[in-house]
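Trainee: The structure is given below, and queries will be raised subsequently.
Where a number appears in this text, it was derived from the coordinates with a stated rule and is not lab data. Just so it is clear, the model here is predicted, and its values are computed rather than measured. FYI the Cβ positions are ideal-geometry reconstructions off the backbone, even for glycines, and counts take in every protein chain you see.
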Amino acid sequence: MIDDRLRAAHTRIPEPDEATIARVRARLEPPARRRRTRLRVAIPLVGLVAASAAAALALLPARVESPIAPPVAEASRVCAAAGVPRPCLQALSDVAAAQRVLASGRVYYARNDFTISTTYIGADGRPTAAPADAAYVISRTVSEEIWLAPDGSGRLAYGDERAPQPAGPADERAWRAAGAPDLETLVGPPARWGPKVQEFGPGELESALVFNSNLEAVLPKDDPLSVLPDEPRELAEFLQDAAREQRPEGPESNVRNTFGTNVTTFLRYPLTSPALRAALLEVFATVPGARALGTIRDGAGRPAAAIALPPDMNDGKDIVAFDPKTSRLLAEGMSDRSGGVRWHMVYGITTAAVDAVGDRR
Amino acid sequence: MDFHALFDSEFAAVYRYLAHRLGNAAAAEDLAAETFLRAYQARATFRPGSPRAWLFTIATNLLRDHARGQVRHDAAFAALAGHAEPAAAEPEFPDPELAAALAALRPEEREALLLFAWADLSYDEIATATGVAIGTVRSRLSRARAQLTAELAPERSPR
């Protein structure tokens, strides 16, 4: 009788679907390749503050990396599936670990785009200060070029602010439904962020890119990433302790946000080593509440493995998109109510290893 | 051993067993993958016998590790004063009343019963998987069935 009831209950457990079987197969092929410690349980994340605009920049040039065939194929396959994010992030971690260490003596160049202003338009057709009340969102973007030399010196160059545009596809539909009012009139004149050029001496650009969110409180000024362990469990603990130290006075939500933005800061920094980037992706794989969104197009139209983070983990930029071929962070954005993405930062639209600051190829 | 054939024939059973034990499909996927990964890594040490029992031995050990890890995980969150863990999905069991009664069993009795009823292992295979004598398996099954019968008797039912 009891055995019958047990078996009857068990018949209601569904068979694994094809996507589940495919993900597990991908993790087993080739099983001998996994060598780092996987984080098996969600770590008690705490977290942090917004990345500064200056830190929202650099990305290691994809062009100077060499996709390694087996991990790339696995990442592309695994990351195509929506759902649990861990298989995708672990596959991306394998891709990262297989990347070459950057050659020294070159200057890394990248052109990025980032949103410089955002205006929320209410149902009455007028700007509103309450994002939750917005019928649609208008943004201005600016082009940013970065040259980062091996000694941490370099240059940032910003172009003119572009004409305002609806921030995402859903915003564009809502704007058209509202009669497509003149966007310049709605958002007002640009803030004159650009054009401008900033020069940085040895170590200064590295500091500008890494030391956001009070990270200088926990990292050494010289070679700041050298103290970060590249074993995932140790790294998770280090980052957790660091976030607490960075935000000693703040509420837990600030500590949690600090944790998340630290991870994205190191992921986007061009000189982060392959081993550290692999470990950072493993750490993200343990974030409670994260979701894989499958393969989508980023703000530059590139196919990207998208992960949705909890909204309090990356200064509101809850969508992070990675290149399955290199594991690089391609873009960060915010999800909208329709399930779309408003891309806030798009990295590495053009990349190159060049001989001197100012060169583009 | 043809590992691919073993995966094809046994993955669903291992996954469904873990999913039912954990009440969580994502965690089951994780542990099922780990089960086959460890089996692959240890394939050279496999002795002639039941591959199914061997897989469920690994899965059973992983379930125990998982439970211990969950305790440490919960304790770590508790140590973060005032910090609430992001809501984890509630376990989903097809028969909650049965699940509650199973939770009241001693772990070793529950394990033996579920390896029999959900994993379809024989008494011999359960003895292998849990590392005890077959007589011990019989006594554990007997006690588990008796307790469950008492717990789930109609007069004890809330309905």
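Trainee: Pick from A:Asp359, A:Asp355, A:Asp312: which is under 14 Å from A:Gly260 (Cβ atoms), among the charged types (D, E, K, R) and over 11 Å from the mean Cα position of the chain (by Cα)? Full working, then the answer.
Mentor: Numbers: A:Asp359 fails: under 14 Å from A:Gly260 (Cβ atoms); A:Asp355 fails: under 14 Å from A:Gly260 (Cβ atoms).
That would be A:Asp312, the only listed residue that is under 14 Å from A:Gly260 (Cβ atoms), among the charged types (D, E, K, R) and over 11 Å from the mean Cα position of the chain (by Cα).
Trainee: Residues in the stretch A:1-22 that are more than 7 Å from every other protein chain (Cβ to nearest Cβ) and in a helix (DSSP H, G or I): how many?
Mentor: 6
Trainee: Among the residues of the stretch A:316-334, how many are part of a loop (DSSP other than H, G, I, E, B) and surrounded by 24 or more Cβ atoms within 10 Å (Cβ to Cβ)?
Mentor: Step one: filter the stretch A:316-334 for residues part of a loop (DSSP other than H, G, I, E, B), giving A:316-318, A:323-328.
Among the residues that remain, those that are also surrounded by 24 or more Cβ atoms within 10 Å (Cβ to Cβ) are: A:317, A:323-324, A:326-328.
Qualifying residue count, the stretch A:316-334: 6.
Trainee: If you scan the stretch B:123-154, which residues turn out to be under 20 Å from B:Tyr17 (Cβ atoms) and within 14 Å of chain A (Cβ to nearest Cβ)?
Mentor: Across the stretch B:123-154, the qualifying residues are B:Tyr123, B:Ile126, B:Arg140, B:Leu141, B:Ala144, B:Arg145, B:Leu148.
Trainee: Follow-up question, since we're still on this one. I want to confirm something. Restricting to the stretch B:1-44 and keeping residues that are charged (D, E, K, R) and free of Cβ contacts under 8 Å to residues at least 40 places away in the same chain, which single residue is farthest from the other protein chains (Cβ to nearest Cβ)? Can you show your working first?
Mentor: The initial filter retains those residues of the stretch B:1-44 that are charged (D, E, K, R), namely B:2, B:8, B:10, B:16, B:21, B:29-30, B:34, B:38, B:43.
Filter again for free of Cβ contacts under 8 Å to residues at least 40 places away in the same chain, leaving B:2, B:8, B:29-30, B:34, B:38.
Working: B:Asp2: 14, B:Asp8: 9, B:Glu29: 6, B:Asp30: 7, B:Glu34: 8, B:Arg38: 9 Å.
Of everything passing the filter in the stretch B:1-44, B:Asp2 is farthest from the other protein chains (Cβ to nearest Cβ).
Trainee: Does A:Ala167 fit the bill of being of a type in the set (Gly, Ala, Ser) and farther than 21 Å from A:Arg302 by Cβ? Reasoning before the result, please.
Mentor: On the way: of a type in the set (Gly, Ala, Ser): yes; farther than 21 Å from A:Arg302 by Cβ: no.
No; evaluated as a whole, the condition is false for this residue.
Trainee: I'd like the residue in the stretch B:90-120 that is in a loop (DSSP other than H, G, I, E, B) and more than 13 Å from chain A (Cβ to nearest Cβ) and, out of all such residues, is farthest from the chain's Cα centre (by Cα).
Mentor: Looking at the filtered set, the residue picked out is B:Glu90.
Trainee: Let me ask you something else. Please verify whether the stretch A:232-245 includes one or more residues that are surrounded by fewer than 15 Cβ atoms within 10 Å (Cβ to Cβ), out of contact with any His (no Cβ under 7 Å at 6 or more places or on another chain) and not in a helix (DSSP H, G or I).
Mentor: No, that holds for no residue.
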